[in-house]
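A short write-up of the structure that comes next.
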Amino acid sequence: MEAWLLADPEAISKIVKHKVNVGNPEEIENPATYLDEIMKKCGKRYIKGSEQIYKLAKHINIENATHRSRSLKKFLKTLKDP
């Protein structure tokens, strides 16, 4: 799920208050650690499995994220058309 959050770097940038550049989120070996490193730059932490993921997800633009993440796009399509 963290890779899907990283698929909208504009949303993450707004949360951490600085520009975030993310390559292909699906190629990041450990997206949770990568997200934590981004959060550390603004004095915050990302803890995998915490409620924090829901707070971050509220800011994600699904349309932007699906353009950058094939797996998210496929997942959402499966939910719509099982």
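The values are calculated or read from the model by the stated rules, or taken from the named source; none is laboratory data. The structure displayed is predicted, hence computed values, not measured ones. Backbone-built Cβ (ideal geometry, glycine too); neighbour counts: all protein chains shown.
Brief remarks follow.
- Within the stretch 25-39, being buried (at least 16 other Cβ atoms within 10 Å of the Cβ) and either over 13 Å from Lys55 (Cβ atoms) or in contact with a strand residue (DSSP E or B) (Cβ under 6 Å, 6 or more places away or on another chain) (or both) holds for Pro25, Ile28, Pro31, Ala32, Tyr34, Asp36, Ile38.
- Scanning the stretch 5-24 for residues that are touching a Pro at 6+ places or on another chain (Cβ under 7 Å) and closer than 21 Å to Lys48 by Cβ gives Leu6, Ala7, Val20, Val22.
- Selection within the stretch 48-66 - loosely packed, with under 12 Cβ neighbours inside 10 Å and not polar (S, T, N, Q): Gly49, Glu51, Tyr54, Lys55, Lys58, Glu63
- Ser69 being surrounded by 14 or more Cβ atoms within 10 Å (Cβ to Cβ) and either free of Cβ contacts under 8 Å to residues at least 24 places away in the same chain or of a type in the set (Lys, Arg) (or both): no
- Within the stretch 7-19, one or more residues are in contact (Cβ under 8 Å) with a residue 60 or more places away in the chain and either over 11 Å from the mean Cα position of the chain (by Cα) or part of a loop (DSSP other than H, G, I, E, B) (or both).
- Within the stretch 1-14, considering residues that are of a type in the set (A, V, I, L, M, F, W, C) and surrounded by 18 or more Cβ atoms within 10 Å (Cβ to Cβ), the one nearest to Phe75 (Cα to Cα): Trp4
- The stretch 20-59, subset in contact with a Leu (Cβ under 9 Å, 6 or more places away or on another chain), among the β-branched types (Val, Ile, Thr) and not in a helix (DSSP H, G or I), residue modelled with the lowest pLDDT: Val20
- Qualifying residue in the stretch 70-80 (condition: out of contact with any strand residue (DSSP E or B) (no Cβ under 9 Å at 6 or more places or on another chain), more than 17 Å from Ala3 (Cβ to Cβ), in a loop (DSSP other than H, G, I, E, B) and of a type outside the set (Lys, Arg)): no
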